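In what follows, a structure is listed as structure tokens, so that the remarks can point back to it.
The values are calculated or read from the model by the stated rules, or taken from the named source; none is laboratory data. Keep in mind the model is a prediction, meaning the values are calculated, not measured. Cβ coordinates were reconstructed from backbone atoms using ideal geometry, including for glycine residues, and neighbour counts include every protein chain displayed.
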Amino acid sequence: MRGIYTPVTKIRRQVFEKVAELAFSNDYSKVDDIPYEIIKGEVASYRESVFKERAIVAERIRLACGLSVRQADEHAPLSRDFNKAVACERVYEPPLVEVIPFACNACPETAYEVTNNCRNCLAHPCTSVCPVKAVSIVNGKSFIDKEKCVKCGRCAEACPYNAIVKYDRPCAAACGVDAIESDHLGRAQINHDKCVSCGQCLVHCPFAAISDKSQIFQLILALKSNNNVIAEIAPAFVGQFGPLATPNKVKAALLEIGFKDVYEVALGADAGAIAEAEHFLHAIPNEQPLLATSCCPSWSVMAKTLFPELAECVSGELTPMVATARMVKKDHPDAKVVFIGPCAAKKLEAFRRTVKSDVDFVITFEELMGIFAAKNIDFTQECGETVEDAAATGRGYGVAGGVADAIVSCIKKMDPEREVLVDRAEGLRNCRKMLTLAKAGKRNGYLLEGMACEGGCIGGAGTLQPLVKAAAQVKKFASESPYPNVMDKK
């Protein structure tokens, strides 16, 4: 549903905008009023009751303020716990991604269903191919016994009328590590021992029942306190805020809402491309069989967890977020650094012991859009700002294939004769297939690029635009750099 403006999209953005407005104000006592401002009147628009709609919005507000959801039988008005959000600068309590239980529609788990397309044909191939005899003819129509069905899909493949369809729970289908399970009432719940916080479940849930926690409230308090707060914005930002929001105007808007300066994370990507190129030339294949990129935290965690024998092959170089943050801290030792990007998992990366002193806040493009809306940012106005001249290779990190392309480009600069074998995958299920081949020794000598989200970073949980459109914008911005390769800057 990326790039489609749905009621789910509308509610998410309204929540971020209202929380941002609250944070910019000096009166936090009205937090309990926000659900009534978003869900007006007496007639429900989305669910069976306007009261349920407001209760769910209230939980989304809690999460947008960094607080945990409450249970349905727990009396917990927003204002009761809101002092926690006001008092805590970095307020996350794990887990990052949560299901709002009473918002979940308890969608059935994977199953095959017979539709009205069934014509009661004479051949009945569906009954013939079923290995466990779960398909029979009942009242002139194919019938699948769910108790017997092993979900192999052969009946669906054999049906000449496409009358049998596979039914997937959307959040579970989107989860590449099979972390979506069911509670005692059949509602989705997340197995956090498996979850890598990619956020794909939250953007694929049609009932807005899953959300991640946000730091926009705490960030705005930092901006209001006149701290030296500096933004670093990920390469995928180009085009995310609409056709009028050019890179220069986005920088001007960030300065207008209170940031003291803006850095391109593509600068850190440039540094990472050089480091990983040097690593590849030095270590592959003599010291290790392959090199896997590390800039996507969900991919990296999944690879190390599910394929521990390949853990040492995942690059230990700084991710672009961290490399850029250290550039900022070097220039501005007293600064608070805010990573603005497409990714939910970056929020957890920033809390790692080795990273939390570098990155102070993480927000997504969607959360930033809420701040822009709260401050009535006008992208039709001209501006005199310019962004740094990062290389095209670093700016290309936002699109699948861009990381590997940047590293290979640097390798060719260092050793033009070196042959570089590359494999890459988008989506964690595809990443697992790629790593299975690597585990079997079929990717020795390779550079592997893994991206948790379809399309790469432009498909992250915090993005706003369709993938094709976003990819075109990022590539266009990259082509405008005066440096095709970071090594051309030397």
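Summary of values
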item: Residue selected from segment 308-348 under the condition polar (S, T, N, Q) and part of a loop (DSSP other than H, G, I, E, B), by the criterion farthest from the chain's Cα centre (by Cα); result: SER315
item: Identity of the residue in segment 297-355, without any contact (Cβ under 8 Å) to a residue 12 or more places away in the chain and charged (D, E, K, R), that ends up surrounded by the most Cβ atoms within 10 Å (Cβ to Cβ); result: LYS304
item: Pairs with Cβ under 8 Å, 6+ apart, first in segment 183-198 and loosely packed, with under 15 Cβ neighbours inside 10 Å, second of a type outside the set (Ser, Thr, Tyr) and assigned to a strand (DSSP E or B); result: ASP183/GLN189; ASN191/ILE180; ASN191/GLU181
item: Tally of residues being surrounded by 24 or more Cβ atoms within 10 Å (Cβ to Cβ) and within 20 Å of ALA472 (Cα to Cα) across segment 405-423; result: 1
item: Selected residue (only one of PRO170, PRO235 is touching a His at 6+ places or on another chain (Cβ under 7 Å), closer than 20 Å to GLY462 by Cβ and in contact (Cβ under 8 Å) with a residue 24 or more places away in the chain); result: PRO170
item: Some residue of segment 38-49 being of a type in the set (S, T, N, Q), more than 27 Å from the chain's Cα centre (by Cα) and either at pLDDT below 90 or in the same structural domain as ALA344 (by TED's automatic domain parsing) (or both); result: no
item: Only listed residue being more than 25 Å from the chain's Cα centre (by Cα) and within 27 Å of ALA470 (Cα to Cα), chosen from GLY242, GLY268, GLY258, GLY272; result: GLY258
item: In segment 37-58, the residues that are surrounded by 13 or more Cβ atoms within 10 Å (Cβ to Cβ), without any contact (Cβ under 8 Å) to a residue 24 or more places away in the chain and assigned to a loop (DSSP other than H, G, I, E, B); result: ILE39, ALA44, ARG47
item: Single residue of GLY450, GLY459, GLY455 found to be small (Gly, Ala, Ser), closer than 23 Å to ALA173 by Cβ, in contact with a Phe, Trp or Tyr (Cβ under 6 Å, 6 or more places away or on another chain) and at pLDDT 95 or above; result: GLY450
